[in-house]
Amino acid sequence: MDPLPRAASLATRIAQSLRDDIGAGRYAVGARLPAEAALAEAFDVSRPIVREAIALLKADGVLVTRKGSGAYVSETPGGQVWRVASAPDGGPTLAQLFELRRLVETACAEMAALRRTDADLARIRQALAAMLHHADDFATAAAADIAFHHAIAQAAHNPCFTGLTDFVGQQLLAARQHAWENSAQLHAREGTPRAADAEHMALVEAIASGDPVAARAAASAHLSAAATRMGLA
């Protein structure tokens, strides 16, 4: 292991380096990692930094620790928590996160059209109705928008997609809130319909009709317009 250059988050970088070593098979399931002192010397950092890196990997389920014995590769070396990897320049941009959102949510819409139940459709329609009813109440409408996209992900009946949709949505929350607020202010000031309302309605109808191609297209059209509203296009 080569010493790492100084960075804002050394613990995160060390955790990723150890994760890469485990993924490459340098440490097998059940293998004991070198002692903290040895890792600190190898990475040219202090022991508290190494301890923090190990804690990160433990929280993700990559490592387990045994009191007085050290850290060991768990039975799930790939981890049990999904995170966005940090880039050297500070992590993914909003535009990069939105690319991920576009891929995930268009797939969710397509699968929802094929797999949705009547109960799923009722939840999607309920969230849409809440958005329309509370158009002048920014906070309530924004919460309903989150519930709307969550309900579509649930209708895909794949918990992996539901979790990923929620995760990406939270990462983009601030930018989405800014777009919602601008749209709500324009609606209140000029009485013009919010463009997102028609996009959401088209998406619901495509899912309700059971047409996966139309559902994917409706989701893509909505997300393209949303990117413009968020200043990401």
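Would you kindly state how much longer the chain becomes between ALA24 and TYR72 on full extension, computed as 0.36 nm times their sequence separation minus their alpha carbon distance, in nm to one decimal? Provide the component values of the computation, followed by the final result.
Details: separation 48, 0.36 × 48 = 17.28 nm, distance 1.57 nm.
Here the answer is 15.7 nm.
Sort the following peptides by mean Cβ neighbour count (other Cβ atoms within 10 Å, averaged over residues), highest first: 215-226, 131-142. Show your work: numbers first, answer last.
Numbers: 215-226: 20.0, 131-142: 16.1.
Listed from highest to lowest mean packing, they are 215-226, 131-142.
Could you pull out every residue, at least 5 positions away or on a different chain, whose amide H is within less than 5 Å of the one on ALA31? Hs are placed 1.01 Å off N in the peptide plane, and Pro or chain starts have none.
Close amide H contacts, sequence-distant or interchain: VAL73.
Compute the Kirkwood hydrodynamic radius of region 122-174, taking the inverse of the mean of 1/r over all pairs of distinct Cα atoms, and give it in Å to one decimal. Intermediate values should be presented prior to the final figure.
On the way: mean 1/r = 0.0884 Å⁻¹.
Here the Kirkwood hydrodynamic radius works out to 11.3 Å.
Tell me, what is the per residue accessible area of region 192-233 in Å², probe radius 1.4 Å? Could the numbers behind the result be given before it?
Working: 1820 Å² over 42 residues.
Using a 1.4 Å probe on heavy atoms only, each residue of region 192-233 averages 43 Å².
When 1/r is averaged over all different Cα pairs and the result inverted, which Kirkwood radius in Å belongs to region 25-147?
Details: mean 1/r = 0.0530 Å⁻¹.
Its Kirkwood hydrodynamic radius stands at 18.9 Å.
The values are calculated or read from the model by the stated rules, or taken from the named source; none is laboratory data. Quantities reported herein were computed from a predicted structural model and do not represent experimental measurements. Cβ sites come from the backbone with ideal geometry, for glycine too, and all protein chains shown count toward neighbours. The area values use the complete protein model at the heavy-atom level, side chains included, leaving out ligands, DNA and RNA. Shrake-Rupley method; radii C 1.70, N 1.55, O 1.52, S 1.80 Å.
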